[in-house]
Amino acid sequence: MACLRRFFPGVSSWLLLVAATAFPGLSAISAEPESPLIVVQQLIESGDTAAALSRLDRLLEADRKNYKAFLVRGNLHLARREKGEAREDFTQALFADSDSLRISARVGLAWTHYLLFGRFRQATEHLHRALAIDPDSREALYAKFRLHTTSGQSDNLWLSKEPLFKLLYQDPAYRDVYRLWRDSLPGKTENDVREVCAILAEFLKAHPDSANWWCDLAWDRFQVEGAGPALQTIEELRSANPAYRHPKIPLLEARCRLEKNGSTGFQDLYWQAVTLAGRVGDFEQLFIEAEPIFTPEDYQKWKAMQAEGIEEKFFHYFWAKVNPDKLSPVNKRLVEHYVRLRYAQREYKLRYQGGVYQSEEDQNYLIAFKTDTYDYDPRIMFKRCRRLGLDARGLLFLRHGEPDQRISGFPDWDPTMLRDADIKFFYLRSLSEQEKQSGRREYGKLSMMPKFTNRIEIWWYGKIYYVFEEMPLTGGFIYRPLHSTLQESLFSPSEMQVYTPPQGDMTIAMNTQGFRTDYLLEQEEYYLAQFMSPDRKGLEVEIYQDQPLPEGAAPFASAAAYDTLWYESYRSDSPVFPIPGADDNRWVAIHTLPFPPGKSRFAIRLAAGEKTWNGRGEINFPTFDTVYLQLSAIVLGVDPPDEVTPAHERRGVRFIPRPSFRFRQGEPIRVYLEYYNLQTGRESRRRYREYVDVLRHEGERGILGKIAGSLKGLLTFGEPKAGSSVTLIFDREAEKGRDPVAETFTIDTGELPAGQYRLLIEARDNANSFWDDEAVMFEIEGE
């Protein structure tokens with residue numbers, strides 16, 4: 001290859017590899033240690049082709065029947081692009097008595113005509129003559145396959161299958177034919193895969209130590225025969241190669257388990273694959289299978305973590321990020337993705353891999369159209385189509401699941417097929433007449449919809465749709481965005497308002513992903529309150545979550561703290577109890593989590609009956625000061641009606657938090673917060689003054705919880721309304737010691753009209769005159 005690179009600087013590595021196959025004489029030289037061609041071989045390997053040619057010239061002057069020397073010199077001329085000399089030497093070699101040498105001469109002529117003269121037909125003719133000498137010649141069959149696959153002509157791609165299968169039947173270990181079968185052969189059918197599985201199984205009986213091929217066989221059997229044969233092959237692999245370790249093995253076992261037993265055991269095996277991939281440094285298959293649902297942010301994260309060599313952490317981060325129920329022992333989104341992947345690889349796979357649509361990015365772009373609403377660039381799907389073997393429908397299915405409705409057929413032949421759901425927009429029978437009347441069709445930008453002569457599918461997600469067309473040579477369905485001019489040409493303005501549904505934006509669809517369930521619900525309201533941790537080094541965060549629950553339900557709540565990569569640092573069950581007096585059977589859960597200062601993540605969960613309410617998010621809390629006066633977050637709630645009613649208790653104060661911060665008019669509001677770092681003053685007393693202002697405001701609802709910078713916004717936005725305020729001043733004295741001080745009081749809302757209010761608490765430490773303040777917003781609901 002190094003020698004060829006010097007003489008073919010503008011030729012691709014692929015063609016250089018092809019040209020390298022035109023040196024069959026060199027392997028024959030090594031079998032004859034005393035041959036004078038050994039010196040020629042050494043000169044060629046050192047890169048001194050001029051000296052090699054000089055020696056070959058002398059050999060041929062002495063013996064014009066040294067046909068091996070003609071072959072070697074012809075190959076050197078071929079590498080040097082000396083086409084006339086190469087053709088002459090290979091032609092001389094045709095006079096050899098040996099069939100193998102004459103076959104090599106025909107192969108050399110074939111590459112000379114193809115690479116140097118650009119004559120594909122003459123090249124194939126020479127290969128046909130070589131195979132006429134010996135139909136089973138490995139050298140000629142190999143050259144025929146490589147010639148067809150490098151020609152770039154789609155018809156030739158299909159012709160390449162026949163010589164490659166002949167080579168596989170003879171010896172799958174010959175050169176790189178098996179790897180070419182896996183990576184380069186276009187249009188593999190399920191029958192082709194089954195045939196090669198049988199060939200490979202026979203080969204492995206005699207070569208059981210070929211562990212990588214065992215692994216390939218297991219994956220191929222999974223795709224065409226199912227989980228059972230794949231697991232059996234894995235057992236045979238382990239029996240023959242007990243020391244073999246590769247992440248593709250537990251990954252395949254995980255997928256087999258998912259198919260046979262549901263999610264049982266799937267997740268453990270998947271994470272075994274991730275861990276093993278981290279040890280051996282091979283995340284290729286894991287990446288190929290997860291990448292189709294990445295967002296642009298996920299790509300950036302992957303590249304950054306790949307550069308740091310922490311790909312294993314990325315997979316934990318990614319699957320935790322998309323998991324809608326982080327506190328469940330099973331990652332429902334991970335399971336759902338692999339269920340979708342299995343279905344998509346069966347129903348939406350490319351049938352013509354290696355064809356124009358899958359192998360040429362520019363061609364892929366040319367067959368797409370742009371609309372006036374957005375520019376759709378099919379290259380966002382191109383590489384994913386190729387790597388995973390799915391068409392455009394399969395990629396959309398992976399991201400967003402089963403469509404709510406699917407319509408399929410040939411609308412030009414039978415437009416009434418689209419009457420389902422009263423979709424008048426797709427009655428396309430009159431389209432050809434519209435085109436004839438306009439007399440024009442703008443290519444590249446679709447001002448008039450081309451007449452659908454191919455089968456189409458329309459997928460509906462809610463009220464938006466996506467149109468796919470099965471075009472020739474693409475091997476599957478491609479996405480077809482529609483131009484609004486078509487809509488205007490078919491319908492009047494009044495009809496447009498009634499019949500034209502919104503078209504889905506594939507660019508947005510390919511940058512998002514969704515997982516819809518009836519039992520997993522997003523918690524709409526919850527409240528985070530920040531307190532100083534008992535060791536005074538970190539934070540203790542309480543999260544209050546309330547929800548109306550089904551009658552008779554036995555709710556269960558839990559919460560967990562994570563770092564920024566969603567690695568869990570703490571998890572606990574949480575108390576949950578009914579809210580007395582609520583007319584909707586409302587319960588409240590109190591989650592308590594420790595956090596270090598800075599960025600962290602959290603997840604909360606409240607489950608009852610068949611439904612679960614989840615919340616999750618990222619927080620960035622500054623640490624509490626350990627010297628100056630500091631206030632915690634303010635928590636609002638109500639008092640329990642008696643001592644028996646379950647309630648939340650913090651530092652001796654019993655109350656029922658109200659996460660929504662909405663209260664009925666006349667309902668007393670229990671206010672709770674904590675003071676830190678109160679200093680001891682005269683007479684060894686800790687005293688402070690507290691100013692409480694409740695002022696009605698109009699505008700947005702404020703920030704809930706003690707978040708950095710929240711007070712500034714609460715002090716400035718909105719307009720005060722006269723006659724709707726409460727002002728309280730308290731002089732307090734705390735017990736001796738350094739423990740936090742629990743501060744609590746009630747606000748009488750009987751005189752407050754309905755509306756939004758700001759509660760501001762300002763405090764002064766009498767010992768040193770230090771101040772701190774905190775604020776929240778709450779709402780009074782009218783009758």
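The values are calculated or read from the model by the stated rules, or taken from the named source; none is laboratory data. This one's a predicted model, so the numbers in the text were calculated from it and none came from an experiment. As a convention, Cβ positions derive from the backbone with ideal geometry for all residues, glycine included, and neighbour counts pool all protein chains shown.
Can you work out which of the residues in the stretch 301-350 that are without any contact (Cβ under 8 Å) to a residue 24 or more places away in the chain and of a type in the set (Lys, Arg) is surrounded by the most Cβ atoms within 10 Å (Cβ to Cβ)?
By that ranking, first place goes to 301.
Taking the criterion of being touching a Leu at 6+ places or on another chain (Cβ under 8 Å), surrounded by 14 or more Cβ atoms within 10 Å (Cβ to Cβ), of a type outside the set (Lys, Arg) and not in a strand (DSSP E or B), would at least one residue in the stretch 514-537 satisfy it?
First, pick out the residues of the stretch 514-537 that are touching a Leu at 6+ places or on another chain (Cβ under 8 Å): 523, 527-528, 530-533.
So of that shortlist, the ones also surrounded by 14 or more Cβ atoms within 10 Å (Cβ to Cβ) come out as 523, 527-528, 530-533.
Keeping just the survivors that are of a type outside the set (Lys, Arg) gives 523, 527-528, 530-533.
After this cut, where a residue has to be not in a strand (DSSP E or B) as well, the list is 523, 533.
Yes: one or more hits.
Could you check residue 288 against (1) among the aliphatic types (A, V, I, L, M); (2) in contact with a Leu (Cβ under 8 Å, 6 or more places away or on another chain); (3) surrounded by 16 or more Cβ atoms within 10 Å (Cβ to Cβ) and say which number it fails?
Answer for residue 288: the failing condition is (3).
Can you tell me which residues in the stretch 739-764 are within 55 Å of the chain's Cα centre (by Cα) and without any contact (Cβ under 8 Å) to a residue 40 or more places away in the chain?
At the first step, the residues of the stretch 739-764 found to be within 55 Å of the chain's Cα centre (by Cα) are 739-750, 752-764.
Answer for the stretch 739-764, where residues must be within 55 Å of the chain's Cα centre (by Cα) and without any contact (Cβ under 8 Å) to a residue 40 or more places away in the chain: just 739.
Please count how many residues of the stretch 99-155 are closer than 17 Å to residue 166 by Cα, under 43 Å from the mean Cα position of the chain (by Cα) and of a type in the set (S, T, N, Q).
1
Suppose we keep only residues that are surrounded by 15 or more Cβ atoms within 10 Å (Cβ to Cβ) and charged (D, E, K, R) within the stretch 612-653. Which one would you say is farthest from residue 762 (Cα to Cα)?
Top of the filtered list is 616.
Determine whether residue 251 is of a type outside the set (Asp, Glu) and within 19 Å of residue 212 (Cα to Cα).
Details: of a type outside the set (Asp, Glu): yes; within 19 Å of residue 212 (Cα to Cα): yes.
Yes, satisfied.
Just need a number here: residues in the stretch 42-70 that are hydroxyl-bearing (Ser, Thr, Tyr) and exposed (fewer than 15 other Cβ atoms within 10 Å of the Cβ). Steps first, please.
Residues of the stretch 42-70 that are hydroxyl-bearing (Ser, Thr, Tyr), as a first pass: 46, 49, 54, 67.
Okay, now just the ones that are also exposed (fewer than 15 other Cβ atoms within 10 Å of the Cβ), so 46, 54.
Selection size over the stretch 42-70: 2.
Filter the stretch 743-777 for residues that are closer than 20 Å to residue 678 by Cβ and polar (S, T, N, Q); which is surrounded by the fewest Cβ atoms within 10 Å (Cβ to Cβ)?
Taking the candidates together, the pick is 769.
Consider the stretch 575-602. How many of its residues are assigned to a loop (DSSP other than H, G, I, E, B) and either surrounded by 17 or more Cβ atoms within 10 Å (Cβ to Cβ) or of a type in the set (Asp, Glu) (or both)? Working first, answer last.
We begin by selecting, within the stretch 575-602, every residue assigned to a loop (DSSP other than H, G, I, E, B); these are 575, 579-585, 596-597.
Checking the rest, the ones that are also either surrounded by 17 or more Cβ atoms within 10 Å (Cβ to Cβ) or of a type in the set (Asp, Glu) (or both) come to 579, 583-584.
Qualifying residue count for the region: 3.
Take the stretch 514-534 and flag every residue that is closer than 30 Å to residue 742 by Cα and at pLDDT 90 or above.
Step one: list which residues in the stretch 514-534 are closer than 30 Å to residue 742 by Cα, which gives 523-534.
Passing the criteria: 526, 527, 528, 529, 530, 531, 532, 533, 534.
Filter the stretch 71-121 down to the residues that are surrounded by fewer than 24 Cβ atoms within 10 Å (Cβ to Cβ) and of a type in the set (Lys, Arg) and list them by number.
Across the stretch 71-121, the qualifying residues are 80, 81, 83, 87, 102, 119, 121.
Residues that are among the hydroxyl-bearing types (Ser, Thr, Tyr) and in contact with a Phe, Trp or Tyr (Cβ under 8 Å, 6 or more places away or on another chain): does the stretch 164-178 have at least one?
Looking only at the stretch 164-178, we keep the residues that are among the hydroxyl-bearing types (Ser, Thr, Tyr), and these are 169, 174, 178.
Filter once more, keeping what is in contact with a Phe, Trp or Tyr (Cβ under 8 Å, 6 or more places away or on another chain): 174, 178.
Yes, there is a match, as at least one residue in the stretch 164-178 is among the hydroxyl-bearing types (Ser, Thr, Tyr) and in contact with a Phe, Trp or Tyr (Cβ under 8 Å, 6 or more places away or on another chain).
May I ask you to verify whether residue 658 is touching a residue at least 60 places away in the same chain (Cβ under 8 Å), in contact with a strand residue (DSSP E or B) (Cβ under 9 Å, 6 or more places away or on another chain) and within 30 Å of residue 764 (Cβ to Cβ)? First the steps, then the outcome.
Details: touching a residue at least 60 places away in the same chain (Cβ under 8 Å): yes; in contact with a strand residue (DSSP E or B) (Cβ under 9 Å, 6 or more places away or on another chain): yes; within 30 Å of residue 764 (Cβ to Cβ): yes.
Yes, satisfied.
Is it true that residue 97 is in a loop (DSSP other than H, G, I, E, B) and over 27 Å from residue 55 (Cβ atoms)? Outline the logic, then answer.
Details: in a loop (DSSP other than H, G, I, E, B): yes; over 27 Å from residue 55 (Cβ atoms): no.
Considered against the rule, which asks whether it is in a loop (DSSP other than H, G, I, E, B) and over 27 Å from residue 55 (Cβ atoms), residue 97 comes out as no.
Out of everything in the stretch 723-742 that is at pLDDT 85 or above and of a type in the set (A, V, I, L, M), what residue ends up being surrounded by the fewest Cβ atoms within 10 Å (Cβ to Cβ)?
My answer is 729.
What is the residue count in the stretch 495-513 for residues that are surrounded by fewer than 18 Cβ atoms within 10 Å (Cβ to Cβ) and at pLDDT 60 or above?
Of the residues in that region, 7 qualify.
Do we have residue 670 as modelled with pLDDT of 90 or more, surrounded by 16 or more Cβ atoms within 10 Å (Cβ to Cβ) and within 53 Å of the chain's Cα centre (by Cα) here? Working first, answer last.
Working: modelled with pLDDT of 90 or more: yes; surrounded by 16 or more Cβ atoms within 10 Å (Cβ to Cβ): yes; within 53 Å of the chain's Cα centre (by Cα): yes.
Here the answer is yes, as residue 670 does meet what is asked.
Hey, can you tell me all the residues within the stretch 48-94 that are outside any helix (DSSP H, G or I) and either among the charged types (D, E, K, R) or not assigned by TED's automatic domain parsing to the domain that holds residue 130 (or both)? Outline the logic, then answer.
Narrowing the stretch 48-94 to residues outside any helix (DSSP H, G or I): 48, 63-66, 80-82, 94.
Hits for the stretch 48-94 are 48, 63, 64, 65, 80, 81, 82.
Within the stretch 186-194, identify whether any single residue is touching a His at 6+ places or on another chain (Cβ under 6 Å) and either at pLDDT 90 or above or crowded, with 22+ Cβ neighbours inside 10 Å (or both), and answer yes or no.
Applying the first criterion (touching a His at 6+ places or on another chain (Cβ under 6 Å)) to the stretch 186-194 yields none.
No; the residues of the stretch 186-194 include none that is touching a His at 6+ places or on another chain (Cβ under 6 Å) and either at pLDDT 90 or above or crowded, with 22+ Cβ neighbours inside 10 Å (or both).
Restricting to the stretch 54-73, name every residue that is out of contact with any Phe, Trp or Tyr (no Cβ under 9 Å at 6 or more places or on another chain) and closer than 18 Å to residue 111 by Cβ.
68, 73
Which members of the stretch 626-645 meet the condition of being assigned to a loop (DSSP other than H, G, I, E, B) and either within 17 Å of residue 772 (Cβ to Cβ) or in contact (Cβ under 8 Å) with a residue 40 or more places away in the chain (or both)?
Result: 626, 627, 628, 629, 632, 633, 634, 639, 640, 641, 645.
Please work out if residue 264 is surrounded by 16 or more Cβ atoms within 10 Å (Cβ to Cβ) and either at pLDDT below 95 or in the same structural domain as residue 387 (by TED's automatic domain parsing) (or both).
Details: surrounded by 16 or more Cβ atoms within 10 Å (Cβ to Cβ): no; either at pLDDT below 95 or in the same structural domain as residue 387 (by TED's automatic domain parsing) (or both): yes.
Taking the combined requirement at face value, the residue does not satisfy it.
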